[in-house]
1. In this structure, does ARG353 turn out to be closer than 22 Å to GLN208 by Cα, surrounded by 14 or more Cβ atoms within 10 Å (Cβ to Cβ) and charged (D, E, K, R)?
2. Within the range 223-248, track down each residue that is over 20 Å from LEU201 (Cα atoms) and in contact with a strand residue (DSSP E or B) (Cβ under 9 Å, 6 or more places away or on another chain).
3. If LYS117 satisfies all but one of (1) at pLDDT 95 or above; (2) under 21 Å from the mean Cα position of the chain (by Cα); (3) crowded, with 20+ Cβ neighbours inside 10 Å; (4) not hydroxyl-bearing (Ser, Thr, Tyr), what's the number of the condition it fails?
4. Among the residues in the range 197-212, are any in a loop (DSSP other than H, G, I, E, B), closer than 14 Å to TYR335 by Cα and not acidic (Asp, Glu)?
5. Checking the conditions here, which among ALA275, ALA290, ALA281 is among the hydrophobic types (A, V, I, L, M, F, W, C), assigned to a loop (DSSP other than H, G, I, E, B), touching a residue at least 12 places away in the same chain (Cβ under 8 Å) and closer than 30 Å to ASN192 by Cβ?
6. Among (1) in a helix (DSSP H, G or I); (2) over 17 Å from the mean Cα position of the chain (by Cα); (3) surrounded by fewer than 20 Cβ atoms within 10 Å (Cβ to Cβ), which single condition is ALA361 missing?
7. Quickly run through the range 131-160 and pick out the residues that are polar (S, T, N, Q) and either in contact with a Pro (Cβ under 6 Å, 6 or more places away or on another chain) or not in a helix (DSSP H, G or I) (or both).
8. Report those strands (runs of 3 or more DSSP E) wholly inside the range 34-83 carrying at least 1 residues which are surrounded by fewer than 15 Cβ atoms within 10 Å (Cβ to Cβ).
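The values are calculated or read from the model by the stated rules, or taken from the named source; none is laboratory data. Just so it is clear, the model here is predicted, and its values are computed rather than measured. Every residue, glycine among them, receives a Cβ derived from its backbone with ideal geometry; neighbour counts consider all protein chains shown.
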Amino acid sequence: MPLTAKTMKKVLIIEAQIKRYRKPFYERLYNALSDEDVQLKVVYSAPALSEAQKHDNCELPREYGVKVQGYWFRKGRLLFQPAFREIAAADLVVIDQANRFILNHLLLLLSLCKLKKVAFWGLGENLQTDRSRFSEWYKKLTLDWVHWWFAYTEGTARYLQQHGVRPAKITAVQNSVDTRRIQTCVKNLSSNAKAALRAKLDICPSAQVGVFVGMLHKVKCIPFLIEAGEKIRKTIPEFQLIVIGGGPDEEEIKLAAMQRPWVHFVGPKFGDRKAQLLAIADVFLLPGRAGLAVLDGFAAGLPLIATRLPIHGPEMEYLEEGLNGLITPPDPEAYAQAVSMLLSNPKELQLLREGAAKSAAKNSIEAMVEKFKRGIVQCLAQPKLQRGQIKWRRAQGATQRSDS
């Protein structure tokens, strides 16, 4: 006898808003969980003004998407989403590890009281320079207050283990985007189509091209990128730069493009339009904070050139120096020199391009969905947190310290 909706296990994921790059993940996860007799719902809201400026949000189908009114406070720093009905119906609630979500604090208490099974999904350690000491203290305090952890990467999983979270309750999902779609689009784009796109941007057929994809924000070091581009052109006069993205620093890049014909600002692009622009580039340039965008470049077979910074997202782990990209000191001269040398060495460039394509295949969205599904199924099969479990671990830690 087939299971009905009433007997299916129900999983709820709560997001502030839905980014375009996340929609393919949820489509695949919904189908994968259905095969396991698990029903997925995703609660989300309209973005705050600061997020809306990036122009990278979208809607989910009603089949599994539940859009609720979001109440933003303190200029977008706090969010309340009235999703009590959805929470009550769920067997597992997956939340972002972020203190700004007011619902999170209630859910953590429900988890501790053995009233609701809750999981964190996040990057673990916050490396941003503007982080609050109290907020980070609270995040560390609550790391193990949940039943399960969906860690962005293997590095996140190691961080969690170092802070007392048992490996048995961690799933490293290897955060990803739809790399296969980008690969397919790039592969199928004809030489004539590439030439036409270059002509449209006023880029000559022989010019070597660097591309940037990401939000236009100070952490992305856009002025650094422009300065490095000017230095690259001293060695490679025909070098061109394509900038894809949107955000609060958009006017800055627009001005740079007006003053420099070799800078081509195209605004936010998604799906095949973004892939087509990646297809006419030679290298992927991210001198500032690197995150999921590294996989956009890898999927297009573009080596990543990044800088050593303490604020990178966990996806920076995907960069393997000398295999799929290069990393330099955070200095425009050193950065430009590395890019110029790579573009001047076709053999090395080709080897890095091949390595980038392999990295995209390894860290695919299909692999991420499989890991996430497996973690959900395992979590649902486990009993809820036992009362006193957190206290016992703290007492054990205190005993170990007194014995040392």
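1. Details: closer than 22 Å to GLN208 by Cα: yes; surrounded by 14 or more Cβ atoms within 10 Å (Cβ to Cβ): yes; charged (D, E, K, R): yes.
When the stated conditions are applied, ARG353 passes them.
2. To start, the set of residues in the range 223-248 that are over 20 Å from LEU201 (Cα atoms) comprises 223-224, 227-228, 231, 234-235, 247-248.
PHE224, ALA228, listed by residue number.
3. Here LYS117 clears every test but (2).
4. no
5. Values: ALA275 fails: assigned to a loop (DSSP other than H, G, I, E, B); ALA290 fails: closer than 30 Å to ASN192 by Cβ.
From the options ALA275, ALA290, ALA281, the qualifying one is ALA281.
6. Against the list (1) in a helix (DSSP H, G or I); (2) over 17 Å from the mean Cα position of the chain (by Cα); (3) surrounded by fewer than 20 Cβ atoms within 10 Å (Cβ to Cβ), ALA361 comes up short only on (2).
7. Of the range 131-160, the ones polar (S, T, N, Q) are 132, 135, 142, 153, 156.
Scanning the range 131-160 gives SER132, THR142, THR153, THR156.
8. Strands (runs of 3 or more DSSP E) meeting the threshold: 71-73, 78-80.
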